[in-house]
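As structure tokens, the structure follows; a few thoughts come after it.
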Amino acid sequence: MANPESVMPEVEAKNIDWKTIAAFIGVVILGGSNAVAVRFSNFELPPFWGATLRFASAALIFWIIVLARGIKIPRGRTLVGVLIYGALTIGISYAFIYWSLVYLPASQAIVFLTLGPLFTFIFAWAHGQEAFRWRSLVGAIVAFAGIVIGLGAEVGSSIPLVPLLAIIAGVAIGSEGTVLYKSYPKSEPLAVNAVALSIGSAILLIISLLFTETWSLPKTQSTWIAYGYLVIGGSVIMFYLFLYILQRWTASATSYVLLLVPLATIVIASFLLGEEVTFQFLIGSAIVLVGVWLGAISQTKD
């Protein structure tokens, strides 16, 4: 029998109320600060260990809330979906993203998150959740052109190619995890986050161990502030709001948040990190946004 969620994507995407919109705006603001906070964290903490510390702390907070409120833990097929979601969107995806942010300025790396809606749409189509549109192909080409224009000759020289590929891989894997989660029965977002962050933290810890990273707590005030924000605002609150939206909208509609996050990141990074944003990069970023709009947002059928 077909999954009820996969046969009514249009109806779900239109199920918009003020609470969902408020949650959407909240994710944009919190997500826009995350890349900057991760950069601060990476200045002192090894990337995989920093990610483990962040998500394990957030998982602990979620578990305290779940146990205190007596919320049921996902079981059966629901648990399988949550474990897949946690492994892909937290464990593997953030491993790529954290590592890439060691080498890439936050304001430049964050632009690649705008490819998330395209990846999400393609994967949702591949899994039979949404219908295919030819506009997605045009959008992908335009978005790629924007990346080439925005980064220009810096790719492979001042901006290394491998970290660029790593963050793209992280976005793609996270998008697949989001789509797969929609194929399983829903559960309470607090319980989902508790389980997902736990499995994601375990994966990141194993990766940190394999890379023989040094495990230690933050020592500087700026790192403690970044860590505190990433745990409370950038994980507990943001992930709860994200799942709140995902359970009410389609995977593609939810991923549109990634279009607005770079704008917030660029502004914050320029003020807090002093990162230079060139006019060429802004033009390229704008083209990327146009490409993603064509490929993922436009509802006109071909």
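Bear in mind that the values in this text are calculations on the coordinates, not laboratory data. Predicted, not measured: the structure shown is a model, and the values here were computed from it. Because the Cβ atoms are built from the backbone with ideal geometry, glycine has one as well, and the counts that use them run over all protein chains shown.
Take the alpha carbon gyration tensor of the range 15-297, find the square roots of its eigenvalues, order them as a ≥ b ≥ c, and report rounded if a/c is under 1.5; if not, report prolate when a/b exceeds b/c, else oblate.
Numbers: a/c = 1.65, a/b = 1.11, b/c = 1.49.
Since a/c reaches 1.5 but b/c is at least a/b, the shape of the range 15-297 is classed as oblate.
Put a dot 7 Å past each Cα toward the Cβ at K72 and A145; how far apart are the dots in nm?
Roughly 5.2 nm, to one decimal.
Pairs of lysines 8 or more apart, or on different chains, with alpha carbons under 26 Å: count those in the range 15-297, would you?
Qualifying lysine pairs in the range 15-297: 5.
Could the peptides 241-253, 67-79 be put in order, highest first, of the mean number of other beta-carbon atoms found within 10 Å of their residues? Show your work: numbers first, answer last.
On the way: 241-253: 22.6, 67-79: 12.8.
Final packing ranking: 241-253, 67-79.
Which order, highest average first, do 125-134, 55-64 follow once you tally other Cβ atoms within 10 Å for each residue and take the mean per peptide? List each step's numbers first, then the result.
Values: 125-134: 15.3, 55-64: 20.4.
Going from most to least packed, we get 55-64, 125-134.
Output ³J(HN,Hα) for the range 218-232: one whole-Hz value per residue in order, computed from phi by the Karplus curve 6.51 cos²θ - 1.76 cosθ + 1.60 with θ = phi - 60°, and x for Gly and Pro.
These are the phi-based 3J(HN,Hα) values: x, 10, 8, 5, 5, 5, 4, 5, 4, 4, x, 5, 4, 6, 7 Hz.
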